[in-house]
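Written below as structure tokens is the structure these notes are about.
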Amino acid sequence: MIEILTSAQLSKARATGALVAHILQTLKSRSIVGTNLLEIDQWAKAMIMDAGADSCYVDYAPSFGRGPFGHYICTSVNDGVLHGLPHDYVLADGDLLSLDLAVLLDGIAADSAISFIVGPTRPTTSVALIDATQRALQAGIAAAGPGARIGDLSHAIGTVLTDSGYQINTDFGGHGIGSTMHQDPHIANNGRPGRGYQLRPGLLLALEPWIMVDTAELVTDADGWTLRSATGCVTAHSEHTIAITDDGAEILTLPK
Ligand code: MF3
Ligand code: CO
């Protein structure tokens, strides 16, 4: 199903997006050397509850995981790239942490992910990896607007990732979002321009480029959720929820 939001729903989507961005930035500032992933999950839960919002993850039981997820945020560290199930792990200097959060507020969902390095050490490979996912995300957003097609966004994202020297896995990608977190259309992180569903004002999309340094192959953890690089290499993920407007795209999950 593809949803087109009314302007009243779009106002709500802005509020949800701002909340997701605020929670992610707060959690980023608290993710220091010595922080446990389970603390991050509890802080996420508290902030979601305090805002009167609902988690899109806690009861989520899709075919690609051993559901329900049972936690409030995805915490993926180093070789962990997507759907990282929070577990008893203490962050160390130089860890690459990806936080992915989706909540429902007043009936509208927003979804965003950030990747960053914990502590003062800045491994060059990790810095480049994060930068590539952020540039790919910006390219996807720049390609979005009324009349553009999903393939235009996929192509823009894929071009940045490929030109940066990374292989692309298209098993997981972006998606429509609205009254629920995962909706059509699917937005692969690579594709051909001019193909696919044509965007129109009122459509909400989550774009989410992710990459692994030296492979396109994923393995699933024993926890049934966490997806890791098959080679153990470091990984990164960047995601925003955007709204298609009359004259382009508005990022709803930008930090203030
Ligand atoms: N934001 C993630 C995505 O769009 C959702 C994670 S699903 C969960 O793929 F089940 F892992 F929570
Ligand atoms: Co998403």
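For the reader, a short list of remarks on this structure follows.
- The single condition from (1) open to solvent by 20 Å² or more (accessible area, probe 1.4 Å); (2) within 16 Å of ligand 2 (Cβ to nearest atom); (3) outside any loop (DSSP other than H, G, I, E, B) that VAL219 fails is (2).
- Of the set (1) of a type in the set (Asp, Glu); (2) open to solvent by 10 Å² or more (accessible area, probe 1.4 Å); (3) outside any loop (DSSP other than H, G, I, E, B), all apply to ASP111 but (2).
- Hey, ARG195 open to solvent by 50 Å² or more (accessible area, probe 1.4 Å), assigned to a loop (DSSP other than H, G, I, E, B) and touching a residue at least 60 places away in the same chain (Cβ under 8 Å) or not: no
- Any pair with Cβ under 7 angstrom, 6 or more apart, that starts in the stretch 168-185 at a residue that is farther than 20 Å from GLN9 by Cβ and ends at one that is within 13 Å of ligand 1 (Cβ to nearest atom) and open to solvent by 50 Å² or more (accessible area, probe 1.4 Å): GLY173/HIS186
- Residues of the stretch 101-154 that turn out to be acidic (Asp, Glu) and within 16 Å of ligand 1 (Cβ to nearest atom), as a count: 1
- Against the test of being touching a Pro at 6+ places or on another chain (Cβ under 9 Å) and not charged (D, E, K, R), the options ILE187, ILE168 yield a single qualifying residue, ILE168.
- When residues of the stretch 151-196 are limited to those that are more than 15 Å from ligand 2 (Cβ to nearest atom) and among the β-branched types (Val, Ile, Thr), the one nearest to SER63 (Cα to Cα): ILE168
- Filter pass, ALA144 being without any contact (Cβ under 8 Å) to a residue 60 or more places away in the chain and closer than 15 Å to GLU239 by Cβ: no
The values are calculated or read from the model by the stated rules, or taken from the named source; none is laboratory data. Just so it is clear, the structure is predicted and the values come from calculations on it, not from any experiment. Please note: Cβ atoms are built from the backbone with ideal geometry, for glycine as well, and neighbour counts cover all protein chains shown. These accessible areas exclude ligands, DNA and RNA; they are computed on the full protein's heavy atoms, side chains included. Shrake-Rupley method; radii C 1.70, N 1.55, O 1.52, S 1.80 Å.
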